[in-house]
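Participant: Shown below is the structure under consideration.
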Amino acid sequence: MPRHVGIVACSAEGAALCYRTLCLEGAKLLGPHDHPEVSMHTHSLAEYVKHIDRDDWEGVGELMLSSASKLAKCGASFLICPDNTIHQAFRFVERRSPLPWLHIAEVVASEAVDRGYLRLGLTGTRWLVESEVYPEKLAARGLDFLRPDPDERNEINRIIMEELVYGDFKPESIAFFQRVIARMKNAGCDAVVLGCTEIPLILDESNSPLPTLDSTRLLAKAALRRAVQAL
C-alpha cells in the first residue's frame, strides 16, 4: 500500500488545490480512481495570521506541530504543508516533529534544476518573498533569484490576502501579476516561482510571461512519489 500522506494546511484554496492534485495525479500513476490515503488538518487561517502579523514564527510553528501531532495519531507516514509563507517557521518544527516532512522550497528548487533554469523570479506573500525560505534552498542548488520590488510585494500581498484566499480572482489582479513577471523576465529571469499556493489558481503556462514553477502542484506530485516509493 502507498504511504499515508498528511497535509498540514493553512489557507483553504491552496490546500484544496494540493489535495485535489494529489488525488488526480494518483489516478494517473496507480490506476482509475486510485490515490494514497490522505489526511488533512488545518487551524483557522486567522490563528496563523495573528502570529504572522506579530512576527511570531515560533507561534506559527506551534500551530504546525499541533496539526502534525494530530496527523501522526491518525496514521500519516509523512507530512507536507501546501503553504509557502509558514515554512518560515520550519526551523521550529522540523526537530520536534513526530513525522518527516517534504519542504516545498526544496521541491521547487529541485524541479528548477531539472528543467535547467538559472535565475528565478519569486512571487508570494510579502512575508515569504522577504524571508530566506526560498533563497536558502535556491542558493544550495546554485540558483539565482529576484524578489519583487517593495511596491510590488505590497500589492501582491494584498491580492493574495484580500482576494485569492477567498477564491476571488479579478482580471486586474491577474494583469498586475503579469506585469511583475514581465519585469522579472526583462531583468534576466528564465522562470517564475508561484510561491503562494493560491497563485496557480490565476496563473499558469498559458498566461504567464515566464515558465512557471507551481509550488502547489509540484509539492503534491513530490508527495505522491514519496508515497509510492516502496511499491
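Participant: Among the residues of region 202-209, is there at least one that is touching a Gly at 6+ places or on another chain (Cβ under 8 Å) and under 23 Å from A9 (Cα atoms)?
Facilitator: no
Participant: Here's a follow-up. How about region 175-189: which of its residues are closer than 26 Å to Q88 by Cβ and either open to solvent by 10 Å² or more (accessible area, probe 1.4 Å) or part of a loop (DSSP other than H, G, I, E, B) (or both)?
Facilitator: Selection gives F176, R183, A187, C189.
Participant: Here's a check for you: in region 1-25, which residue that is out of contact with any helix residue (DSSP H, G or I) (no Cβ under 7 Å at 6 or more places or on another chain) and more than 21 Å from A89 (Cα to Cα) is surrounded by the fewest Cβ atoms within 10 Å (Cβ to Cβ)?
Facilitator: Here the residue is M1.
Participant: Scan region 144-174 for residues that are assigned to a strand (DSSP E or B), of a type outside the set (A, V, I, L, M) and out of contact with any Pro (no Cβ under 8 Å at 6 or more places or on another chain) and report the count.
Facilitator: Selection size over region 144-174: 1.
Participant: A further question follows. Tell me, please, whether a residue that is surrounded by 24 or more Cβ atoms within 10 Å (Cβ to Cβ) and in contact (Cβ under 8 Å) with a residue 12 or more places away in the chain can be found in region 143-154.
Facilitator: To start, the set of residues in region 143-154 that are surrounded by 24 or more Cβ atoms within 10 Å (Cβ to Cβ) comprises none.
Within region 143-154 (the criterion being surrounded by 24 or more Cβ atoms within 10 Å (Cβ to Cβ) and in contact (Cβ under 8 Å) with a residue 12 or more places away in the chain), the answer is no, since none of the residues qualifies.
Participant: Residues of region 26-38 being crowded, with 17+ Cβ neighbours inside 10 Å and either in a helix (DSSP H, G or I) or within 18 Å of the chain's Cα centre (by Cα) (or both), which ones?
Facilitator: So in region 26-38, the residues crowded, with 17+ Cβ neighbours inside 10 Å come out as 26, 35-36, 38.
Answer for region 26-38, where residues must be crowded, with 17+ Cβ neighbours inside 10 Å and either in a helix (DSSP H, G or I) or within 18 Å of the chain's Cα centre (by Cα) (or both): G26, V38.
Participant: Still on this structure: Condition first: within 19 Å of the chain's Cα centre (by Cα) and open to solvent by 20 Å² or more (accessible area, probe 1.4 Å). Can you find one or more residues in region 69-83 that meet it?
Facilitator: no
Participant: Does L224 fit the bill of being open to solvent by less than 40 Å² (accessible area, probe 1.4 Å), outside any helix (DSSP H, G or I) and touching a residue at least 24 places away in the same chain (Cβ under 8 Å)?
Facilitator: No: the conditions fail for L224.
Participant: Going by what's in this entry, would A139 be described as among the aliphatic types (A, V, I, L, M), free of Cβ contacts under 8 Å to residues at least 12 places away in the same chain and more than 18 Å from Q88 (Cα to Cα)? Even if it seems obvious, please write down each step before you answer.
Facilitator: Values: among the aliphatic types (A, V, I, L, M): yes; free of Cβ contacts under 8 Å to residues at least 12 places away in the same chain: yes; more than 18 Å from Q88 (Cα to Cα): no.
So A139 does not fit the description; no.
Participant: Looking at this structure, is Y134 of a type in the set (F, W, Y) and open to solvent by less than 60 Å² (accessible area, probe 1.4 Å)?
Facilitator: yes
Participant: If you check A105 against the conditions, is it modelled with pLDDT of 95 or more and loosely packed, with under 14 Cβ neighbours inside 10 Å?
Facilitator: So A105 fails the test.
Participant: Of a type in the set (D, E) and open to solvent by less than 10 Å² (accessible area, probe 1.4 Å), is that true of E163?
Facilitator: Taking the combined requirement at face value, the residue satisfies it.
Participant: Quick check on L99: is it in contact with a helix residue (DSSP H, G or I) (Cβ under 9 Å, 6 or more places away or on another chain), modelled with pLDDT of 95 or more and not in a helix (DSSP H, G or I)?
Facilitator: Against the criterion (in contact with a helix residue (DSSP H, G or I) (Cβ under 9 Å, 6 or more places away or on another chain), modelled with pLDDT of 95 or more and not in a helix (DSSP H, G or I)), L99 qualifies.
Participant: Another question, if that's okay. Considering only residues that are buried (at least 23 other Cβ atoms within 10 Å of the Cβ) and among the aliphatic types (A, V, I, L, M), which ones fall in region 108-131?
Facilitator: Selection gives V108, A109, A112, L120, L122, L128, V129.
Here is a yes/no grid of residues against (1) part of a helix (DSSP H, G or I); (2) more than 18 Å from the chain's Cα centre (by Cα); (3) not aliphatic (A, V, I, L, M):
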position	(1), (2), (3)
I7	no, no, no
E13	yes, no, yes
C18	yes, no, yes
M40	no, no, no
I52	yes, no, no
D55	no, yes, yes
G59	yes, yes, yes
S67	yes, no, yes
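The values are calculated or read from the model by the stated rules, or taken from the named source; none is laboratory data. Please read these numbers as outputs of a predicted model, since none were measured by experiment. All Cβ positions, glycine included, derive from the backbone under ideal geometry; neighbour counts span all protein chains shown. With ligands, DNA and RNA removed, areas are computed over all heavy atoms of the protein, side chains included. Shrake-Rupley method; radii C 1.70, N 1.55, O 1.52, S 1.80 Å.
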